[in-house]
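One structure is given here, and the rest of the page talks about it.
The values are calculated or read from the model by the stated rules, or taken from the named source; none is laboratory data. Please read these numbers as outputs of a predicted model, since none were measured by experiment. Using ideal geometry, Cβ is built from the backbone for each residue, glycine included, and neighbour counts are taken over all protein chains shown.
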Amino acid sequence: MKHLAIFKGEGAELILTGKKSIESRFSKKKTSPFGQISSGDLVYIKPSGKDIIGEFRVKKVIFFDGLEKEDIETIKKTFGEAIAQSIEYWKDKETAKYATLIFIGNSTRFLTSPIKISKKDLRGWVVLK
C-alpha cells in the first residue's frame with residue numbers, strides 16, 4: 001500500500017538524512033495511519049505546503065489503543081530519541097488515545113517530485129492504496 005505523509009518543521013529532512021528512525025502519529029481518534037499501515041508499505045514524504053521530496057519503506061509498525069498519560073511517558077522513554085521531537089511535541093501528545101509508531105526502513109530523496117497529489121485539506125496522512 002502507498003501513503004502520503006505530511007510533515008511540519010524539519011521531520012522530513014530528519015528522515016531523509018537518517019537522523020530520525022521512527023515516525024510517530026498520535027491522535028485522540030482513530031485517524032490514518034492508525035490500523036492502515038503495515039511493514040513493507042511505501043510512504044511518500046511531503047513537507048507541508050511543498051511537493052513530495054522523498055519516500056521510505058516501512059520496516060515495522062506498532063499501534064497503541066487506549067493510551068493514558070503513563071503510556072505516553074513510557075513511549076517517550078523507550079522511543080523518544082528515535083522519534084527526535086522537542087519537549088513541546090510531547091506536551092501536545094499528553095491527551096492522545098491512539099498512537100502509531102512507524103519504524104523507517106530505506107529512505108530515498110527525490111531530485112524532482114515523481115507525482116503530484118492535489119491535497120487542499122488539513123489531513124496529516126493520506127492512504128493512497
- Tabulated pairs, region 1-22, first over 20 Å from residue 123 (Cα atoms) and at pLDDT 95 or above, second of a type in the set (Lys, Arg) and surrounded by fewer than 16 Cβ atoms within 10 Å (Cβ to Cβ), C-beta under 7 angstrom, 6+ apart or interchain: 16/109
- Task: Could you figure out which of (1) more than 17 Å from residue 29 (Cα to Cα); (2) at pLDDT below 95; (3) under 12 Å from the mean Cα position of the chain (by Cα); (4) not aliphatic (A, V, I, L, M) isn't true of residue 103?
- Result: (2)
- Note on the structure: Within region 96-124, residues being closer than 17 Å to residue 40 by Cα and not small (Gly, Ala, Ser) number 7
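Results for (1) within 12 Å of the chain's Cα centre (by Cα); (2) within 21 Å of residue 2 (Cα to Cα); (3) at pLDDT below 90, shown as yes or no for each residue.
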residue	(1), (2), (3)
44	yes, yes, no
50	no, yes, no
54	no, yes, no
73	no, no, no
76	no, no, no
- Message: Out of the helices (runs of 4 or more DSSP H) lying entirely within region 1-113, which hold 1 or more residues that are surrounded by 18 or more Cβ atoms within 10 Å (Cβ to Cβ)?
- Response: 11-16, 69-83
